[in-house]
Amino acid sequence: MGVFGALNTAVNGLQSQSYALQNISGNIANSQTIAYKSIDTSFINMIPDLPPSQQTAGGVSAQSRSTNGVQGAVQNANVATYMAISGDGFFAVKQPTGTSGTSLQFAGTDLYTRRGDFSLDQNGYLVNGSGYYLEGIPVDPKTGNPVGSALAPLQLGSSFLAATASTTINYGANLPSYPKTTNSDTTVAQSELLNPADFGTDPTTSGTGTVVGSDVTTFLNESLDAGAVTAYDASGQAANVQFRWAKTDAAAYGGTDTWQLFYQTDSTATGATVGWNNVGTDFQFNSAGTLTAPASTSVAMAGVSVDGVSLGALTLQLNGLTQYADSSGAVTVNTMQQDGYPAGQLQTISVTKDGRIAGTFTNGKTVDLAEVPLYHFASPDNLKALDGGAYQATGDSGTPLAGASGKIVGSSLEGSNADIADQFTKLIVTQQAYSANTKVITTAQAMSQEMLNMLR
């Protein structure tokens, strides 16, 4: 190769080390950039095509080597919409191309990023600090199931949760074996029981029993408070559903411990107006206080209406109903919940541990709004890097595949994977290599000068 070949190789070495220095400089500059993936330099020796006995060390070529698969540290953040990926995977994002009226228009090509500093913009979209818009799949707030499978930029800021009618009331309680009603007297047999003879119309008639306004006071004196719950009709109008238990038979008097449940239909009932309805089921217990009837834990309540609000058919789902002795003589309600809610406006959004976007509404309800899938690639290091921490799929990277093994961590951000100490070490080595190449050039120059001097 000779002196001039050595000179060219040294220049080639300077160029390669300069290339490495550029990568090191970029890594150090981005040591605090969210989810930044450092770029290393790979040196490849270039051997001339010569016989083995005449081969020389040859020159060098510098190439970039990506570290897209190397995890950065996951750090806590105070913003609920921030997301970090722990493990393998990328968010799918898009860039806006313009507006049409008040709507944003987006490019047709999906891009991918691990930069998760997403926050709501003025249009309700989730956009990260580099201007990329997060894509996801909407979720039905009532069923919790994804709506289709097509990705689209998530717009959540104007979300409105429609009212849902109550259909089920979950109820659990202990009924005292001896109810201390207003009329109960331990010295008077059966005074703790509801007495049909005290009413103008028998309220214990199975399925049709009612308490009219003129008998409400008597009913209250012979029954126990069983709790109340706010239920909703289809439009979201609230109704306060109040329950009362009345014991109608007892084993102590040769019968079976039996209770009946009533719910209030009209809080202002007078005269012949119905104030309370019998659920229409005998609740019976054995001597151990265990419920023996009805056999099913689901009790149907048909045509429920409270103070003019029609709730329709409700199901009373028993969640533990017992009859144990209680010195207070009162009903102890353990569970009383219903599944309806009024309409609500979105207040805040956050990221769940399952990687879903959840919204908290003005009605106090928190529901899943969207699912954020993660994508992985057969060769992530062959993705094409773009400005702002985004990547574009290439033929070498392979197509994006759903179902990445990584997990989304809410209220967190992934840090840069560029280690300052490592970069400084590489910087020193690169500087020494660059300096050594300059020595080769000066040496080759001196040798060339000596050759020229021979000719004079």
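Worth pointing out:
- Any chance A444 is modelled with pLDDT under 90, crowded, with 16+ Cβ neighbours inside 10 Å, of a type in the set (G, A, S) and at negative phi: yes
- Considering residues of the stretch 201-249 that are free of Cβ contacts under 8 Å to residues at least 60 places away in the same chain and touching a helix residue (DSSP H, G or I) at 6+ places or on another chain (Cβ under 6 Å) only, the residue farthest from A302 (Cα to Cα): T218
- Listed conditions (1) farther than 29 Å from A358 by Cα; (2) not in a loop (DSSP other than H, G, I, E, B) are all met by Y324, apart from (2).
- Lone unmet requirement of (1) modelled with pLDDT under 95; (2) over 30 Å from G320 (Cα atoms); (3) in a strand (DSSP E or B) for A404: (3)
- In the set (1) surrounded by 16 or more Cβ atoms within 10 Å (Cβ to Cβ); (2) in the same structural domain as A272 (by TED's automatic domain parsing); (3) within 30 Å of G364 (Cβ to Cβ), the condition left unmet by Q237 is number (1).
- Sole residue being without any contact (Cβ under 8 Å) to a residue 40 or more places away in the chain, of a type outside the set (A, V, I, L, M, F, W, C) and either touching a strand residue (DSSP E or B) at 6+ places or on another chain (Cβ under 9 Å) or assigned to a loop (DSSP other than H, G, I, E, B) (or both), chosen from G329, G398, G388, G359: G398
- Enumeration of residues in the stretch 31-54 that are surrounded by fewer than 19 Cβ atoms within 10 Å (Cβ to Cβ) and farther than 20 Å from F424 by Cβ: I44, N45, M46, I47, P48, D49, L50, P51, P52, S53, Q54
- Residue count for the stretch 130-181 satisfying the condition of being farther than 30 Å from A385 by Cβ, assigned to a loop (DSSP other than H, G, I, E, B) and of a type outside the set (F, W, Y): 22.
- Taking the numbered list (1) more than 15 Å from A393 (Cβ to Cβ); (2) in a strand (DSSP E or B); (3) among the small types (G, A, S); (4) touching a residue at least 40 places away in the same chain (Cβ under 8 Å) in turn, A92 passes all entries but (1).
- Test: K94 is exposed (fewer than 15 other Cβ atoms within 10 Å of the Cβ) and either modelled with pLDDT of 95 or more or of a type in the set (D, E, K, R) (or both): no
- Test: A302 is surrounded by fewer than 13 Cβ atoms within 10 Å (Cβ to Cβ), modelled with pLDDT under 95, among the hydrophobic types (A, V, I, L, M, F, W, C) and not in a loop (DSSP other than H, G, I, E, B): yes
- Between A57, A62, the distinction of being surrounded by fewer than 21 Cβ atoms within 10 Å (Cβ to Cβ), assigned to a loop (DSSP other than H, G, I, E, B) and among the small types (G, A, S) belongs to A57 only.
- In the stretch 215-239, the residues that are part of a helix (DSSP H, G or I) and in contact with a strand residue (DSSP E or B) (Cβ under 9 Å, 6 or more places away or on another chain): D215, V216, T218, F219, L220
- Residue count for the stretch 33-54, restricted to those that are among the hydroxyl-bearing types (S, T, Y), within 16 Å of D419 (Cβ to Cβ) and assigned to a strand (DSSP E or B): 1
- Within the stretch 267-278, the set of residues being surrounded by 19 or more Cβ atoms within 10 Å (Cβ to Cβ) and without any contact (Cβ under 8 Å) to a residue 60 or more places away in the chain comprises just one member, A269.
The values are calculated or read from the model by the stated rules, or taken from the named source; none is laboratory data. Here the structure is a predicted model, which is why all the values come from computation and not from measurement. FYI the Cβ positions are ideal-geometry reconstructions off the backbone, even for glycines, and counts take in every protein chain you see.
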